[in-house]
Protein chains: 2
Amino acid sequence: MSDRLQSTRLFVEAALHAHAEIQLDNAGSHYLANVLRRGIGDVVILFNGRDGAWTAKITELSKKAVSLKPISQVAEQVASPDIWLIFVPIKRARLDFMAQKATELGVSKIWPVQSAYGQMKRINDHRLEANAIEAAEQTERLDIPEIGAFESLTALLSNWPEDRSLIFCDEGEAGATHVLPETILPPLRGKPAAILIGPEGGFSPDERRMITDMSQSVALSLGPRILRSDTAALSALSLYQAYCGDWRSL
Amino acid sequence: MSDRLQSTRLFVEAALHAHAEIQLDNAGSHYLANVLRRGIGDVVILFNGRDGAWTAKITELSKKAVSLKPISQVAEQVASPDIWLIFVPIKRARLDFMAQKATELGVSKIWPVQSAYGQMKRINDHRLEANAIEAAEQTERLDIPEIGAFESLTALLSNWPEDRSLIFCDEGEAGATHVLPETILPPLRGKPAAILIGPEGGFSPDERRMITDMSQSVALSLGPRILRSDTAALSALSLYQAYCGDWRSL
């Protein structure tokens with residue numbers, strides 16, 4: 001693992017091909033030169049979510065800018081399974097954590113929502129995205145999860161896509177659902193799905209009714225203990241990947 | 001969930017029965033009186049890992065001491081599945097996190113070990129235990145995971161119990177194992193097992209050989225992405241509980 005982790009992987013916006021010249025901004029220059037101590041001639045790996053992974057050589061490096069020249073494609077683009085994570089954020093530190101870990105676990109969209117008993121009124125989208133990018137660089141995925149715009153859970157659910165299953169983990173109702181994951185998850189293979197994690201303060205009765213009334217919703221139990229919402233999110237994503245997702249297709 | 005989380009749950013060392021009188025120390029008094037703002041006559045829930053859960057009434061409360069009188073047993077003692085988590089700690093903050101999350105996920109023993117490429121030379125057992133106790137209080141489990149004494153991985157493995165499977169998650173060898181969890185985990189149901197998480201710096205060749213040579217070891221793959229060791233631990237524990245553990249017995 002050490003070798004794999006030690007190769008520097010950077011997400012860039014620009015197209016990657018043999019004739020491209022990639023310019024990084026101030027932050028990228030600082031990171032490469034001062035944090036990673038790379039210099040002209042060093043080779044790193046670039047990805048942009050569309051063109052796979054490319055080796056690239058540093059051709060210019062100053063305090064303000066870095067130029068890199070793509071050499072060759074070393075991995076083809078692979079899409080992550082179509083699984084969203086919808087959750088009610090509580091604290092900023094745990095929101096960072098959720099974005100990082102969900103990205104490692106291959107989520108395709110991270111969607112913070114507001115619920116009746118939620119505490120956060122605003123979300124820093126850029127911070128969420130920065131956490132997702134950093135985790136993608138470390139975990140060697142070649143795409144970045146999309147970040148859903150913060151809105152109310154009821155608004156999101158009232159426009160819910162017909163064909164997307166809603167895997168509903170309600171720690172507040174622990175003991176209410178006795179269905180094994182091997183019963184409910186395998187039928188969802190290859191189809192769009194989302195995991196919805198209940199807030200630690202619980203859903204409101206209206207929210208709960210709205211969820212359980214949806215034909216796309218299916219309840220997933222995460223055992224007899226009460227999990228924090230971040231633990232529940234990681235557990236549910238792990239089960240999804242093992243039963244339905246790309247942990248099957250190695 | 002809100003109701004369940006809001007009832008105060010406290011771990012105590014003393015025996016719990018109808019004629020007991022429970023004394024808390026300074027820290028317990030401070031927590032009950034100043035953090036939770038409870039007073040004489042208030043009822044909390046106590047557990048000790050042996051006698052189930054008891055409601056108890058606060059009968060005395062000063063800055064230095066609290067007395068509680070158990071009222072009645074509200075849950076019988078339940079043992080967690082016999083699953084250990086063995087890992088190589090990296091940073092203190094992530095060690096805290098690992099202890100909390102593993103406790104939530106029902107681990108029976110948390111065992112930090114030293115490996116050839118590990119960075120931490122010492123572990124604060126009390127801090128590890130405090131994190132486990134706090135998580136047990138929040139997650140509503142009635143036992144506290146045991147904390148294994150910090151020693152070298154090779155010493156631990158050379159005294160490995162004959163009957164305990166070693167589920168080996170080696171993120172360093174991602175792609176090496178193509179076995180689905182539904183193939184390797186269900187045969188382990190009802191038997192002692194341990195999850196061993198590779199350090200992010202990788203095992204040494206000697207350590208790796210020692211592990212793969214053991215008749216009790218079985219490799220579990222956690223997908224195509226490289227997971228941080230804490231993510232790998234939570235994912236593996238989640239899969240274990242879903243395929244073998246007490247998420248099945250609701």
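The values are calculated or read from the model by the stated rules, or taken from the named source; none is laboratory data. It should be emphasised that the depicted structure is a prediction, and the values quoted were computed from it without experimental measurement. Glycine also receives a Cβ, built like all others from the backbone with ideal geometry; neighbour counts cover every protein chain displayed. Surface areas here come from the heavy atoms of the whole protein model, side chains and all, with no ligands, DNA or RNA. Shrake-Rupley method; radii C 1.70, N 1.55, O 1.52, S 1.80 Å.
Once you list every other residue whose beta carbon is under 10 Å from the beta carbon of A:N48, what net charge do they have if Lys and Arg are +1 and Asp and Glu are -1? That works out to -2.
The modelled label-to-label distance between B:Q73 and A:N124, using points 7 Å beyond Cα along the C-beta direction, is 5.1 nm. Summarise the partner chain shielding of B:240-247 as one whole number: the mean count of Cβ atoms from other chains within 10 Å of each residue's Cβ. That works out to 5 on average. Scanning residues 5 or more positions from A:R38 or on other chains, those with amide H under 5 Å from its amide H are A:A33, with H placed 1.01 Å from N in the peptide plane. Taking A:R189 in one copy and the same position in all the others, each labelled 7 Å out along Cα→Cβ, what are the pairwise distances from the first, in nm, shortest first? Here A:R189 shows inter-copy label distances of 1.9 nm. With a 10 Å cut-off around each Cβ of A:103-110, the average count of Cβ atoms from other chains is 3.
Computed over protein heavy atoms with a 1.4 Å probe, the carbon and sulfur contribution to the accessible area of the range B:83-243 reaches 49%. With its label point defined 7 Å out from Cα along the Cα-to-Cβ axis, B:A15 lies at 7.9 nm from the matching points of the other copies, in increasing order. Per residue, the protein assembly as shown exposes 43 Å² of solvent-accessible protein surface, assessed with a 1.4 angstrom probe and all protein chains in place. Sorted on the mean count of surrounding Cβ atoms within 10 Å across their residues, most packed first, peptides A:105-116, A:59-70 read A:105-116, A:59-70. Distances, shortest first, from the label point of B:P205 to those at the same position in the other copies read 6.8 nm; the point lies 7 Å along Cα to C-beta.
Accessible area buried by the pairing of B and A, both sides summed with a 1.4 Å probe, works out to roughly 4300 Å².
Classify the range B:2-75 as rounded, prolate or oblate, taking a ≥ b ≥ c as the square roots of the eigenvalues of its Cα gyration tensor: rounded when a/c is under 1.5, otherwise prolate if a/b is larger than b/c and oblate if not. Since a/c reaches 1.5 but b/c is at least a/b, the shape of the range B:2-75 is classed as oblate. Between the listed residues B:I144, B:M98, B:S238, the Cα displaced farthest toward the positive end of the dipole of the range B:83-243, a dipole computed from Cβ unit charges relative to the Cα centre, is found at B:M98. Counting only whole DSSP H helices of chain A, the ones at least 15 Å long by C-alpha along their axis and with mean Kyte-Doolittle hydropathy no lower than -0.5 are A:229-243. Share of carbon and sulfur in the accessible area of the range B:2-75 stands at 51%, probe radius 1.4 Å. Taking amide H atoms as placed 1.01 Å from N in the peptide plane, the amide H of B:L10 lies under 5 Å from those of B:I45, B:L46, B:F47, each 5 or more residues away in sequence or on another chain.
Amide H contacts of B:S217: B:L166, each under 5 Å away and 5 or more positions distant or on a separate chain (H built 1.01 Å from N in the peptide plane; Pro and chain starts excluded). Per-residue mean of foreign Cβ neighbours for B:193-202 is 2 (Cβ atoms of other chains, 10 Å radius). For A:Y117, the solvent-accessible surface computed with a 1.4 Å probe is close to 110 Å², ligands and nucleic acids excluded. Determine the alpha carbon to alpha carbon distance for each of A:K101/B:K121; B:K101/B:K191; A:K101/A:K121; B:K69/B:K91; A:K121/B:K57; A:K69/B:K101 and list only those over 31 Å. Exceeds cut-off: B:K69/B:K91; A:K121/B:K57; A:K69/B:K101.
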